[in-house]
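The values are calculated or read from the model by the stated rules, or taken from the named source; none is laboratory data. All values reported here derive from a predicted model rather than from experimental measurement. Cβ: placed from backbone, ideal geometry, glycine included. Neighbour counts: every protein chain shown. The accessibility values were calculated without ligands, DNA or RNA, using every heavy atom of the protein model including side chains. Shrake-Rupley method; radii C 1.70, N 1.55, O 1.52, S 1.80 Å.
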Amino acid sequence: MALLLPLDDHPVAGPFWEGTAAGELRYQTCSDCGRLRHPPRPMCPFCQSLDSTWVTASGLGTIWSFVIAHPPLLPDYAEQAPYNVAVVTLDEDPALRMVGNVVRSPDGPIGELGADDIPIGTRVRVVFPEPVEGVVLPRWTPV
């Protein structure tokens with residue numbers, strides 16, 4: 001199975017991926033205005049500062065939205081369909097949203113939970129599966 005993996009844009013997102021490899025969910029905080037942001041970017045969208053720090057999140061959040069993907073899909077994903085893709089708001093700030101699959105266990109198949117298992121508003125925590133080609137893609141499990 002060949003997953004689509006993130007680009008190697010280390011100067012911008014490197015600390016995020018280093019965090020997932022270490023079992024931590026990280027996000028950026030603007031050093032000037034203090035606003036939190038994800039996805040990672042070089043400039044604060046609120047005050048245009050180029051200074052930021054990385055903070056480790058609690059790893060807790062709430063399903064804000066989700067979709068169940070069905071074929072036709074890319075061949076390697078079609079084999080796993082149907083599967084969920086959820087948008088999770090982090091407890092640190094409801095504007096911080098991350099996308100991932102909701103699973104029962106870190107290395108569980110991405111199609112193991114359906115729409116009835118993960119209603120909007122479900123509390124979740126981040127989990128980290130085994131690396132794929134050296135990359136750890138965060139997933140979520142119901143709390």
- Task: Any chance you could give the angle, 0 to 90 degrees and rounded to 10, that helix 10-21 forms with the longest Cα principal axis of the chain?
- Result: 50
- Dipole magnitude (debye, nearest 20) for region 1-65, charges at Cβ of Lys, Arg, Asp, Glu: 220
- Item | Solvent-accessible area per residue, Å², over the chain with all protein chains present [probe radius 1.4 Å] | 54
- Message: So if I place +1 on the C-beta of Lys and Arg and -1 on the C-beta of Asp and Glu, and nothing else carries charge, what would the dipole magnitude of the chain be about its Cα centre? I want it in debye, nearest 20.
- Response: 400
- Task: Quickly estimate the mean residue ellipticity at 222 nm for the chain, helices only: each DSSP H run with n ≥ 4 gives -39500 (n - 2.57), and the total goes over all residues, rounded to 500.
- Result: -3000 deg cm²/dmol
- Note on the structure: Taking the dipole of the chain about the Cα centre (Lys, Arg +1; Asp, Glu -1; charges at Cβ), the one of TRP17, PRO109, PRO142 that reaches farthest to the positive side is PRO142
- Report, as a whole number in µm² per second, the diffusion coefficient that Stokes-Einstein gives for region 1-61 at 20 °C and 1.002 mPa s using the Kirkwood radius over alpha carbon pairs. 173
- Query: What's the carbon and sulfur percent of the chain's accessible surface, probe 1.4 angstrom, rounded to a whole number?
  - Reply: 57
- Simple label model, 7 Å out from Cα along Cβ direction - LEU73 to TRP54, nm: 2.9
- Match the structure shown to one of the listed values (1) 45, 32, 26; (2) 38, 33, 29; (3) 62, 47, 24 of Cα extents along the principal axes in Å, computed from it, and give that label. (1)
